[in-house]
Amino acid sequence: MKRKLKIAIFGGGSTYTLGLIKSLIVEKESFPLKELVLFDQDEERQKIIADAAAILLKEQYGEDLIFTSTTNLESACKDADSVFIQIRTGGLEMRELDERIPLSHGVVGQETCGPGGMAYGIRSIKDMIDLIKNIRAISKDAWILNYTNPAAIVAYALKKQFPDDNRILNICDMPIAIMVSYAKLLGVDIWDLTADYFGLNHFGWFTKIEHKDGTDYTERLKERIIEEGFRPEDEEIANDVSWQETFAQARQTLLDFPEYLPNTYLQYYLYPDKIVEKSDPTSTRARQVIEGRQKRVHDMCKRIAAGSASSEDLKADIHGIFIIRAAASLAYNLKERYIVMVENNGIIPNLPSDAIVEVPALLTANGIHAFAIGEIPVFHKGLIEGQYAYERLVCEAYFEKDYKKLLQAMTLNRTVVDADKAKRILDDLQNANQKYWPSFQ
């Protein structure tokens, strides 16, 4: 019988929280809970989710689960076994500016990539550092599983701030979400596949996809993707034009660079002009989320809160299942293999040791044990080193309050390159983020 756990979800008002709770329901045998707490600074936004979650859990989890929502960090963290963090400093309103401002200069506007990712990253660092300091003041041993974007910048900053805290795991669901599409193409169960993968967050490649029976599907996958394209992992994405374009571009990336299977986010760095050309500053991804997913989730929550969750088509999603299974591997020492972010330290010997690389690792109760990758090819090394330098400079600029390093970072980023353009974008972003950014000199 597995020990029941207390879990705290930070960012309880997120539109992803209800799907995460449904995933906890689906996974309750492998990850049993005694207590679940939602924490958010925005009480009103969280209440929309929490009212629906209370009914959903009562109907589908069981009476013995203690469920609360709070704006009190101490009560959320006290005696917690794991803390899941999925905060968005500035909300969707600032995400929209992250996307619109670069686009106004003819540059990729995206929440984690390029100038928008830098803006979001600088906003996220302070809140994440403060949160973890406060969590650790209450709970020294809780596992902290961080989903907060832009994960690469946040993970690098956290490692610099908390170099000896080995119970922080930075993860991203994009590799596993792509693998779901691979599984659908192959007609197999996603959890029967393992992947060899290397890169930085949102900047990596699959080198091998293998079934548990030993079948190597890598070349077959490449052929199927080129012939048929991707099959998105859920109906919402399948009907989403921007995701259709993303998967179509991933196919083109494979045609152009067939050595490895690409992470879909590479489109922003390898084809920035094409991305800008088909972008509409009046219909950003943030605006689509505000008018689409956020409205759908909030409307569903209100219906559930007014009656029951029984008639709602609410599914566990890969975002939720992934973080829960990773947490279970840590809590119960399952030693399962997942693609996560860790400090390089020789994992990829021809990359800087302090780079935060995204690679397969075993998750154990005693820590995270990454698999050695070996040296990588010159092309991929060159791309990664440029991106690493950008991420490092953003973090150094934050800690040192150094405007010059921000400008260097922006100029290095493959979505910008031009120094004059970088300065104009940086100044606009700095003006838009006066409430959130430190004062850079």
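In table form, for the structure just shown:
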{"item": "Estimated FRET transfer efficiency (ARG337, GLU400; beta-carbon r; R0 35 Å; 0.05)", "result": "0.40"}
{"item": "Amide H contacts of ASP317 (H built 1.01 Å from N, under 5 Å, at least 5 apart or other chain)", "result": "SER23"}
{"item": "Solvent-accessible area, 1.4 Å probe, carbon plus sulfur percent, for the chain", "result": "47 percent"}
{"item": "Label-point separation, LYS315 to LYS208 (7 Å along Cα→Cβ), nm", "result": "3.1 nm"}
{"item": "Listed residues SER124, SER310 arranged by accessible area, highest first, probe 1.4 Å", "result": "SER310, SER124"}
{"item": "For a label point 7 Å along the Cα-to-beta-carbon line of ASN166, residues of the stretch 101-143 with backbone N under 16 Å", "result": "141-143"}
{"item": "Where PHE162, PHE247 fall by accessible area, highest first, once all protein chains stay in place (1.4 Å)", "result": "PHE162, PHE247"}
{"item": "Full-extension gain in nm, GLU375 to ASP354, via 0.36 nm per residue minus C-alpha separation", "result": "6.0 nm"}
{"item": "Value of relative contact order over the stretch 1-110, rounded to a whole percent, pairs C-alpha under 8 Å and six or more apart", "result": "34 percent"}
{"item": "Calculated FRET value between GLN252 and ASP420, using beta carbons and R₀ = 35 Å, to 0.05", "result": "0.70"}
{"item": "Cβ-Cβ FRET estimate between LYS140 and GLU259, R0 fixed at 60 Å, reported to 0.05", "result": "0.85"}
{"item": "Per-residue SASA entry for TRP205, accessible area with 1.4 Å probe, Å² rounded to 10", "result": "10 Å²"}
{"item": "Members of LYS6/LYS435; LYS140/LYS435; LYS2/LYS315 lying beyond 27 Å, as alpha-carbon distances in this model show", "result": "LYS6/LYS435; LYS140/LYS435"}
{"item": "Under Karplus coefficients 6.51, -1.76 and 1.60, residue-wise ³J(HN,Hα) of the stretch 133-138 in Hz, glycine/proline x", "result": "4, 5, 4, 5, 5, 9"}
{"item": "For PHE206, distant residues with modelled amide H under 5 Å away", "result": "LEU261, ASN263"}
{"item": "Extension gain, GLU29 back to GLU227 (0.36 nm per residue minus Cα-Cα distance, nm)", "result": "67.3 nm"}
{"item": "HIS105, HIS369, ranked by accessible area, largest first (probe 1.4 Å)", "result": "HIS369, HIS105"}
{"item": "Label-to-label distance, nm, for residues given as ARG296 and ASP427 (7 Å Cα→Cβ offset)", "result": "4.2 nm"}
{"item": "Accessible surface, per residue, of the chain when the full set of protein chains is kept, probe 1.4 Å, Å²", "result": "41 Å²"}
{"item": "Amide H within-cut-off set for LEU200, under 5 Å, with H built and near neighbours excluded", "result": "GLU358"}
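The values are calculated or read from the model by the stated rules, or taken from the named source; none is laboratory data. This is a predicted model, so every value here is computed, not measured. Backbone-built Cβ (ideal geometry, glycine too); neighbour counts: all protein chains shown. Calculation scope for accessible area: heavy atoms of the full protein, side chains included, ligands and nucleic acids excluded. Shrake-Rupley method; radii C 1.70, N 1.55, O 1.52, S 1.80 Å.
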